[in-house]
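Reading through the structure tokens given below for one structure.
The values are calculated or read from the model by the stated rules, or taken from the named source; none is laboratory data. What you are looking at is a predicted structure, and each value in this text was computed from that prediction instead of being measured. Virtual Cβ from ideal backbone geometry, glycine too; neighbours counted across all protein chains shown. These area figures cover heavy atoms from the full protein model, side chains too; ligands, DNA and RNA do not enter into them. Shrake-Rupley method; radii C 1.70, N 1.55, O 1.52, S 1.80 Å.
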Amino acid sequence: MCGIVGYVGNKQALSVVVEGLRRLEYRGYDSAGVAVVNNKKLDVRKKAGKLTNLETLLGNDPLPDSTIAIGHTRWATHGIPNDANAHPHTDVSNEIAVIHNGIIENFSELRAELQKAGVKLSSDTDTEVVAHLLNFEYPKSNNDLAESMRRVVRKLRGAFTLVAVHAQQPDVVVGARRNSPLVVGRGNGENFLASDVAAFISHTKNAIELGQDQVVELRHDKVTITDFEGKPAVTKEFVVDWDAKAAEKGGFDLFMLKEIFEQPKAVAETLVGRLSENGKLVLEEMTLSIGEIANIEKIVFVACGTAFHSGMIGKYAMERWSRIPCEVELASEFRYRDPILNQRTLVVAISQSGETMDTLMAIRHAKSQGARVLAICNTQGATIPRESDAVLYTRGGPEIAVASTKAFLTQVVAVELLSLYFAELRLDKPTTEIKQVMNELANISHQIDVVLDTTDAVKELAKKYMNAQSVLFIGRHVGFPVALEGALKLKELAYMHAEGFAAGELKHGPIALIEDGIPVVVIVPSVRLEKELHEKVVSNIQEVRARGARTILIVEEGDDSIIEFADHIIRIPQTSSLLQPLVATVPLQVFSCALATLKGHDVDQPRNLAKSVTVE
Ligand code: F6R
């Protein structure tokens, strides 16, 4: 939520910052704004709506040249998305500009105190109070902006990344971080601050993870990081392994389409080097010891949205392979129901961004109860992996479209790998059995490619259902999370009513939704491998058809028994049951993307959403 960029160096700061904002716009697009310092004068431009509105404003009302700038794209929390509430916010002297990601929980108290002191606030945001507080603290801190920031953040409660500049300090950008992401990019004679490395990878790949409760002072040739008290902080440097091209559209009209088509590669990358020559699984970065793994009595997958659906698949895979009892829990519900956790519980947090606040809070709660925490994450340097005991990285590369696609598939691969690994260590599973699944996984990229060949047919199908009032998705076993994922994609992109159900649950209520002509998408299990389940799903298909539904069946190659029950068939390659989500989800992603495009929606930036949800 909210994208932040700061720059100080030797280039035209404004273009560096606007370019960074473009790469971060997926984090929020309610408004955008920038501030520059030139000749000891602060200048701000900001505008409600997408970044292009700001660019138009900058065209009509240009800013002076500057080598220092900050910029922000907003996902609104406090205050509607209008020009006044857009960041940066300034203090009464108009010398300090502040941008913010997160929520300052005690802002009402602080606002009241400021108003009592005679300060007139000009926005409804929680951020503006920080600009005024910095103004109060600046003289008391010997005109040291970093020290002023330390004094201010000690007064704040909540989650925040704050970045500020001062007109009298033309070579200083100051940032502070608590529970919200902020990464430093180290260049040559220039330095960067951003919510995500994507903002600066075209300039530098050398980065520093800012830890919890740290303040950074950025100059063109120096980066100084302290804790909130001013003591030097321990930090971790890393080299970003994405290249700048990965964060561009690469010939596609949409990031989402590009990312759908990147799935074979993303899956293949996530599998690279996972099998040793002697057939043993290798999960290098997964640092739980054999003793710790042997000690696990229960696994709880926690995640949100699409990542939650991969957690559901994780439960099926983990119980099937390792026989460890599993639960799957929405991270936003987890800590509020006082879950039973102890040292023998492993909490597996799944998160593309590694910054989702609900998931972060869930793992903190788990740790406080003595549980071990393992993160499955796509983003190096993010908070969730950093705060976990172990990590398994998916290697999907940057996912820019707000709707998750390649991250989901790589998460499914990760939970499968983890399940097999635990099975190998705990049950002494024969390597031949594991090798067989790994061989199948090795071929899955090719199979996803085959599914992608159905893209045009799926797009045609989308045209037929453009005016549907509602779309239902049903499946059994791992087909159920796939159904949920299909429905989620349709809601968030096409803004259509869509529901995913466990097919067996239909008769317990949802079947009442079936009316003439309603499209029902069915994920059909393998007739070769799951005969009993297949029969049950065929019965469910008949039940909905008898009531007028139009059926769109996702069916494996060679299953002809199903043809008579289908209004439309989308073929997927044959896989083993637990791997079917890796191919069955793909046409559903294409379907939603196509419907949203037909309806003229902004597919990469759907309304009301942001990619990285850093508030609870
Ligand atoms: C849906 C989607 C979201 C995310 C969810 C968790 O397409 O992208 O539902 O899956 O917000 O995000 P991460 O994985 O970053 O924790």
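Miscellaneous remarks
- Filter pass, LEU182 being touching a residue at least 24 places away in the same chain (Cβ under 8 Å) and crowded, with 20+ Cβ neighbours inside 10 Å: yes
- Any hit, region 157-169, residues being among the aromatic types (Phe, Trp, Tyr) and more than 27 Å from LYS11 (Cα to Cα): yes
- Enumeration of residues in region 254-273 that are within 23 Å of ASP196 (Cα to Cα) and either part of a loop (DSSP other than H, G, I, E, B) or touching a Cys at 6+ places or on another chain (Cβ under 8 Å) (or both): LEU254, MET256, LEU257, ILE260, GLU262
- Unmet requirement for GLY291, which otherwise passes all of (1) open to solvent by less than 10 Å² (accessible area, probe 1.4 Å); (2) out of contact with any helix residue (DSSP H, G or I) (no Cβ under 6 Å at 6 or more places or on another chain); (3) of a type in the set (Gly, Ala, Ser): (1)
- In region 107-137, the residues that are in contact with a strand residue (DSSP E or B) (Cβ under 7 Å, 6 or more places away or on another chain) and either under 22 Å from ASP227 (Cβ atoms) or of a type in the set (Lys, Arg) (or both): VAL130, LEU134
- Scanning region 450-488 for residues that are charged (D, E, K, R), at pLDDT 95 or above and open to solvent by 30 Å² or more (accessible area, probe 1.4 Å) turns up LYS459, GLU460, LYS463, LYS464, ARG476.
- Among residues of region 538-586, those that are over 29 Å from the mean Cα position of the chain (by Cα), among the hydrophobic types (A, V, I, L, M, F, W, C) and not in a helix (DSSP H, G or I), counted: 7
- Residue match in region 146-168 (condition: among the acidic types (Asp, Glu), assigned to a loop (DSSP other than H, G, I, E, B) and either surrounded by 24 or more Cβ atoms within 10 Å (Cβ to Cβ) or in contact with a helix residue (DSSP H, G or I) (Cβ under 9 Å, 6 or more places away or on another chain) (or both)): no
- Across region 335-358, the qualifying residues are those that are assigned to a helix (DSSP H, G or I) and within 13 Å of the ligand (Cβ to nearest atom), and the one among them that is surrounded by the fewest Cβ atoms within 10 Å (Cβ to Cβ) is ASP358.
- Condition check for THR383: crowded, with 24+ Cβ neighbours inside 10 Å and either over 19 Å from the mean Cα position of the chain (by Cα) or within 14 Å of the ligand (Cβ to nearest atom) (or both): yes
- Pair list, Cβ < 6 Å and 6+ apart or interchain, from region 495-520 residues that are within 12 Å of VAL537 (Cα to Cα) to residues that are open to solvent by 40 Å² or more (accessible area, probe 1.4 Å) and aromatic (Phe, Trp, Tyr): ALA502/PHE480
- Qualifying positions in region 553-596 - out of contact with any helix residue (DSSP H, G or I) (no Cβ under 6 Å at 6 or more places or on another chain), closer than 23 Å to LYS464 by Cα and either of a type in the set (Gly, Ala, Ser) or not assigned by TED's automatic domain parsing to the domain that holds VAL538 (or both): ALA566
- Only residues that are in contact (Cβ under 8 Å) with a residue 24 or more places away in the chain, assigned to a loop (DSSP other than H, G, I, E, B), more than 20 Å from GLN369 (Cβ to Cβ) and of a type outside the set (Gly, Ala, Ser) were counted in region 274-302, giving 7.
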